[in-house]
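*Asks:* Here you go, one structure.
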Amino acid sequence: METDKLNRIAEEKSSIGPIEKVGTGLKTVMRLENLTKKFGSFIAVNNINIEVYEGETIGLVGPNGAGKTTTIKMIAKLLRPTSGKILVLNKAGKLQALNGNDKDLVRFGFLIDQPFFYDMTAYQILRYFARSQNYQKEKINSRIDELLKLFKLFKWKHEKVNTFSKGMRQKMGIIQSILVDPQIIILDEPQTGLDPKARIEIRATIRELQKLGKTIFVASHMLHEISEVCDKIALINNGKIVAFDTIENLEKNLKEKELHCQLLYPIPHKDLESTIDRINQKLEHYANHNIEVPTPEHNHSVKYNPEEQNFTIYYDGKRESRGEILEILMSEFKSNNKIISFSQPKTSKLEQIYLEMILEDQPRDGGG
Amino acid sequence: MAKLLKRDGVKRISLGFFILSTILIGLCSNSMAASTTYEPALNKGTVVFKVDQYNEGKWEDTVDRELEPDDYFDGDSDEIGARSKITIKNLAEYKWDLYDALIFFFDVESFIDEDALNQTELFYLLSFLSKDYVDALYPEEHKVWEALTVQWDFETEEFDESPDEKNYILPIFQEPKYYRDLLDDYNKWALGLNTTMLLLGIEPFPILDGDDFLWLLITSGIFTIARPFNSYLTTLIDKLGSDDAEVKGNTLILERKGEEEYIVEVTFSDQGMQSSLVIKNDEGRVIYEIVQDNTDTIVLIVSGVIAASIAGIIIVIMRRRKKFKQ
Amino acid sequence: MQLLEKNEKYEQYYLAALPVVTTYIFELKKQWKKFVIFTIMAISFVILLSHLPYALIPDNPLPDTQADYFQSGLNFIILLTIFGACFFFSGIICSEYSEKTGFITFPIINKYKLVVGKYLGALTLMIGVIAAFYIALGVLGIYWYGGPINYRYYYSFGIALLYLIAVSSFVTFFSSFMKSVNMTIVTTIMLLLIANMIIDSLVILLYPEFEPIYSLNHNSQLISYILVEDFPTKLEDRYEDLEFRNFHRRIWLTPTIEGAITIFLLYTVICLIVAAIIFKRRQL
Ligand SMILES: Nc1ncnc2c1ncn2[C@@H]1O[C@H](COP(=O)(O)OP(=O)(O)OP(=O)(O)O)[C@@H](O)[C@H]1O
Ligand SMILES: [Mg+2]
């Protein structure tokens, strides 16, 4: 199973055909097929293949400029793909390519970038959106009130949206995207500009929507924000899908490349720098060169935590390396200190995976 | 959306309005430095007159056997229902001397029948009539408010689009006594000319007394007075020394003799124009009547309806707003 | 059975028209304030330019006839139409992109329907503004001259509407490729007011005899010139030659009626078609 997943990642990287989830009996609601978008010679989205099943919540995660918004805009038909196809479920229950005639598609909800909205009140705008999408007339008012209350905007129901703060407008955008009970909800960075409480509310909302069986597609550059609500994460970098899997599988993949080493006594302050430098040098050979350790004082693959007197070592993940690293460390602390434990962590920060996945992929050179 | 139109823009627009209106008010405030006692009441705009009554038989018996009303009042004024129209275009201050009066009041040019005269006669006559000659002898000028108008003669059908007469002038003398001065000057001028005319064998210019002049003014259709009307009229009659005339309020009552005695009542509107003219026989029966046709009421109705509907729309919107807010 | 089919058909039409209608109504609401401002402005300008100068300055003579009065009063309508069209129509397409509003919500709804709704809404309001101008001037015409309104005034209104549609299509065309609303407003106003004039005078300098039939400015003269009692039928009555010393210049008084109407319609059709094509190809 595990190797299966890894294979799949490899497959995606080399961009082989659509992913099939054979025998699961799940219905595909959206499929991106070899989706590519070029701006001039610059490839913003490079041959993406994603299959979204009914009821799934998928996080599209990548750093700034990875191509998330571009992908979503293509789904919203705000951009034309350079090549590739987007297939979406229609009312007849079949997949249908996006083209000029889309009135038979299932309802979509979109939140793209930061919407600015018209210079009207929240109520007027939402009512217009609902009416024009033929939402039942009798239910509109209660639906709007319900959503405004949910997002604590009810007080401003009759205020001009232009006077709203950034976060309030973002909330309006989210309300707008789920207003007409769409089957597929596509959110681009829903948490931008929101306070922590509102972020939690958004996660709660997403969970609510999941319960209702909605299919959700969320883009974000903040992995931890959405990781707990997503069934699957698609990591995207430089326009390519670097990984597409469940969170557990992704984590497992990374855990294997991290080691913890606990010392008995702290390293004396005066020796600290030289010791770490030395270890770094010695472990140079085993280091995972793709990882840039995110601590300012050390630019190597060993990180020392003075309070807990332990090391975190990022290495290439090879089984034989582990033993050799232990030997090196043992000899290092033989005389004046002692290693009391040497282990692989049970959990790993997902952020780390994210970072790693992205760094694994070589940065593109200038023009793409 | 259209940020240019926001509050700032509104402020700027209102400032512009303010400046413009100040300029306009400034312009108008110094334009009418009025005479001490009288002021013009005439406003720009259009007035329509209508022949309301005409008893042809009585007219012939009482007023004039030969001439019909259209000889006095022009156009189709001998038909009941015929309407005339005058648009007052502006009002400005000028000075009139005898020459202007000769042309506009006494209509001397119409006395000259060019076909009946030979070259030398015509030359002689025209030199008497020339502006230089008249101005040299009668240089005295009289202050007048002059209204430039266009005018449509009496007509039974719809008015033509273009007027029968453009740049038709209504003078309002700032003092009624100027009429007397002009009449005296005219009589002097006519006397001087008439001897020559008699020598030439041409019919002389008539010498007019106060009553004749008043009748001439009234039938000219351009006689307009200044406020206060009653005082203006009273002074005028007094100065002209017309025995047959009297003033009642804004109405001038003239006794005249045609085939028989008859009475002419001329009422002046609040603008100082002749708004109605009634000719009665001495029994008080109306022979002929011209009245002002009130189109102002239509304007009032139209603008009233429009204002009301705009106000209605605004109120409806306001109500709706309130409803929303609740 | 038949009834059901009929109902279904009705339902279909209803669904197809719904986005247009709701957008139309929303546009009316959205631009309502602008409409009020422009209407007040239109009426104030009528009063300011065609009433107060006559009412307040006794010296200043009224034109001879109602038609003359309308003719002089209507000169401002061109400016009003240009400004109004630029403000009402500039956002029609480009605001959807710059403010990322409409289309986000409607990937399933045909985006043309939204623009058609917006266009019709803005057009309705602008017609209202123009009508307010004509009504105000008409009432003043009755006030000064009495009587019924000259029938040619209604023709003038019709031509003014055609001109409005041509100008608004022109603005819509610009809105289809410009980036921001304000830029569209500035550009179209510049083009319609200044550039047009410059081009016209250049053409006149180069080809003094040539009638600038292509020009919106030239054709817009018909709006007021149609009020002239005897509309010139001969070519040589439609211009005046000015001569200072050795400088010769031809001033065109009016286009022909058919010519102006054709040009207005051509502008409308071409601008809208090009706008539609650009809009179809435009990406966010
Ligand atoms: N219209 C455009 N023309 C040219 N390049 C573009 C255009 N839109 C996006 N790009 C480029 O495409 C790349 C992907 O942009 P995109 O907006 O999809 O990133 P993103 O993943 O949404 O980033 P963020 O997290 O900052 O929102 C960027 O490098 C950007 O410069
Ligand atoms: Mg983005």
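The values are calculated or read from the model by the stated rules, or taken from the named source; none is laboratory data. Bear in mind the structure is a predicted one, so any value in this text is a computation, not a measurement. All Cβ positions, even for glycine, are placed from backbone atoms using ideal geometry, and neighbour counts span all protein chains on display. Note: areas computed on protein heavy atoms with side chains; ligands, DNA, RNA excluded. Shrake-Rupley method; radii C 1.70, N 1.55, O 1.52, S 1.80 Å.
*Asks:* For the protein assembly as shown, how big is the tail of P(r) above 55 Å, as a whole percent of Cα pairs?
*Replies:* Values: 213324 of 477753 pairs.
Across the protein assembly as shown, Cα pairs with separations above 55 Å total 45 percent.
*Asks:* Let me ask something else. Rounded to the nearest 500 deg cm²/dmol, what is the calculated helix-only ellipticity per residue at 222 nm for chain B, with -39500 (n - 2.57) per DSSP H run of length n ≥ 4? Working shown, then result.
*Replies:* On the way: 9 runs with 130 residues, N = 326.
Mean residue ellipticity at 222 nm (helix-derived): -13000 deg cm²/dmol.
*Asks:* Rounded to the nearest 20 debye, what is the charge dipole size of the protein assembly as shown about its Cα centre when +1 sits on each Lys and Arg Cβ and -1 on each Asp and Glu Cβ? Mind showing how you got there, number by number?
*Replies:* Working: 105 positive and 129 negative charges, 2359 e Å.
In debye, rounded to 20, the protein assembly as shown gives about 11340.
*Asks:* Here's another thing I want to ask about it. Determine the shielding of peptide C:59-70 by partner chains: average, over its residues, the number of Cβ atoms on other chains within 10 angstrom of each Cβ.
*Replies:* Numbers: counts 9, 8, 11, 10, 3, 10, 10, 3, 2, 3, 1, 0.
That average works out to 6.
*Asks:* Which GluC sites (Glu not before Pro) from the stretch C:192-284 combine a DSSP loop assignment with at most 16 other Cβ atoms within 10 Å?
*Replies:* Numbers: sites: C:E209, C:E229, C:E236, C:E240, C:E243, C:E258; in loops: C:E209, C:E229.
For GluC sites (Glu not before Pro) across the stretch C:192-284 that sit outside H, G, I, E and B with at most 16 neighbouring Cβ atoms in 10 Å, the list reads C:E209, C:E229.
*Asks:* Rank C:W252, C:S175, C:L266 by how far each Cα sits towards the positive end of the charge dipole of the stretch C:2-283 (+1 on Lys, Arg Cβ; -1 on Asp, Glu Cβ) and give me just the farthest.
*Replies:* Farthest along the dipole direction, towards plus: C:S175.
*Asks:* Ignoring solvent entirely, what values of log10 I(q)/I(0) come out of the Debye formula for the stretch C:2-283 at 0.10 Å⁻¹ when each Cα is a single scatterer?
*Replies:* Those come out to -0.62, one per q.
*Asks:* As I understand it, the dipole of the protein assembly as shown uses +1 on the Cβ of Lys and Arg and -1 on the Cβ of Asp and Glu, about the Cα centre. Which of C:V20, A:V218, A:Q344 lies farthest toward its positive end?
*Replies:* Towards the positive end, the residue furthest out is A:Q344.
*Asks:* Let me ask something additional. Mind checking which helices in chain C clear 27 Å along their axis (Cα) and have mean Kyte-Doolittle hydropathy of -0.5 or more, DSSP H runs only? Present the calculation step by step, with values, prior to reporting the outcome.
*Replies:* Numbers: long enough: C:2-30 (41 Å, -0.34); C:111-145 (50 Å, 1.36); C:151-175 (36 Å, 1.13); C:257-281 (36 Å, 1.99).
Within chain C the helices that satisfy the rule are C:2-30, C:111-145, C:151-175, C:257-281.
*Asks:* Accessible area of the stretch C:2-283 with a 1.4 Å probe: how many percent of it is carbon plus sulfur?
*Replies:* 70
*Asks:* Additional query: Can you give the charge dipole size of the stretch C:78-188 about its Cα centre, rounded to the nearest 20 debye, using +1 on the beta carbon of Lys and Arg and -1 on the beta carbon of Asp and Glu? Provide the component values of the computation, followed by the final result.
*Replies:* Numbers: 6 positive and 2 negative charges, 34 e Å.
Result for the stretch C:78-188 is approximately 160 debye, rounded to the nearest 20.
*Asks:* While we're here: State whether the stretch C:195-235 is rounded, prolate or oblate according to the following rule on the C-alpha gyration tensor (a ≥ b ≥ c being the square roots of its eigenvalues): a/c under 1.5 gives rounded; otherwise a/b larger than b/c gives prolate, and the remaining case gives oblate. Please list the in-between numbers first.
*Replies:* Details: a/c = 3.44, a/b = 1.70, b/c = 2.02.
Since a/c reaches 1.5 but b/c is at least a/b, the shape of the stretch C:195-235 is classed as oblate.
*Asks:* Using protein heavy atoms only (no ligands, DNA or RNA), what is the total accessible area buried between B and C, 1.4 Å probe, nearest 100 Å²?
*Replies:* Numbers: alone 19120 and 15830 Å², together 31590 Å².
It comes to approximately 3400 Å² buried between B and C.
*Asks:* With everything on Cα atoms, drop me the angle between helix B:229-240 and the longest principal axis of chain B, reported from 0 to 90° to the nearest 10.
*Replies:* The angle comes out near 10 degrees.
*Asks:* I would also like to ask the following. For chain B, state what percent of all Cα-Cα pairs lands in each successive 20 Å bin, counting from 0 Å until the bin that includes the largest distance.
*Replies:* Spelled out bin by bin, chain B gives 24, 50, 18, 7, 1 percent.
*Asks:* Moving on. Counting only protein heavy atoms and a 1.4 Å probe, tell me what percentage of the stretch B:31-96's accessible area is made up of carbon and sulfur. Walk me through the numbers before you get to the answer.
*Replies:* Values: 1120 of 2980 Å².
Using a 1.4 Å probe with all protein chains present, the stretch B:31-96 comes out at 38 percent carbon and sulfur.
*Asks:* Below 8 Å between Cα atoms, with a sequence gap of 6+, how large is the relative contact order for chain B in percent? Intermediate results must be reported in sequence, preceding the final value.
*Replies:* Details: 482 pairs, mean separation 68.0, N = 326.
Dividing the mean separation by the residue count of chain B yields 21 percent.
*Asks:* With the solvent-accessible surface defined on protein heavy atoms using a 1.4 Å probe, which residues belonging to the stretch B:158-175 display a reduction of at least 50 Å² in accessible area in the multichain context relative to the isolated chain?
*Replies:* B:E161
*Asks:* Under the definition of partner shielding as Cβ atoms of other protein chains within 10 Å of a residue Cβ, what is the mean value for peptide A:155-166? Walk me through the numbers before you get to the answer.
*Replies:* Details: counts 0, 0, 2, 4, 0, 0, 1, 1, 0, 0, 0, 0.
Across the residues of A:155-166, the mean count of other-chain Cβ atoms within 10 Å is 1.
*Asks:* Right, something else. Ballpark to the nearest 100 Å², how much total accessible area do C and A bury together, probe 1.4 Å? Could you put the intermediate results ahead of the total?
*Replies:* On the way: alone 15830 and 18640 Å², together 31650 Å².
In total, this chain pair buries about 2800 Å².
*Asks:* While we're looking at this one, here's another question. Per residue, how large is the accessible surface of the protein assembly as shown? Use a 1.4 angstrom probe and give square angstrom. Present the calculation step by step, with values, prior to reporting the outcome.
*Replies:* On the way: 47070 Å² over 978 residues.
Here the residues of the protein assembly as shown average 48 Å² of exposed surface.
*Asks:* Now, a different point. Which of the three applies to the stretch B:152-204, rounded, prolate or oblate, going by the alpha-carbon gyration tensor with a ≥ b ≥ c and a/c under 1.5 meaning rounded? Could you put the intermediate results ahead of the total?
*Replies:* Details: a/c = 4.24, a/b = 1.64, b/c = 2.58.
Note, shape of the stretch B:152-204 comes out oblate.
*Asks:* Another question about this same structure. Can you compute the charge dipole magnitude of chain B about its Cα centre, using +1 on each Lys and Arg Cβ and -1 on each Asp and Glu Cβ, nothing else charged? Give it in debye, rounded to the nearest 20. If you can, show how the numbers build up before the last one.
*Replies:* Working: 32 positive and 60 negative charges, 980 e Å.
Using only the charged Cβ atoms, the result is roughly 4700 debye.
*Asks:* Could you work out the mean count of beta carbons from other protein chains within 10 Å of each residue's beta carbon in A:122-128? Before the final figure, lay out the partial values.
*Replies:* Details: counts 0, 1, 4, 4, 0, 3, 9.
That works out to 3 on average.
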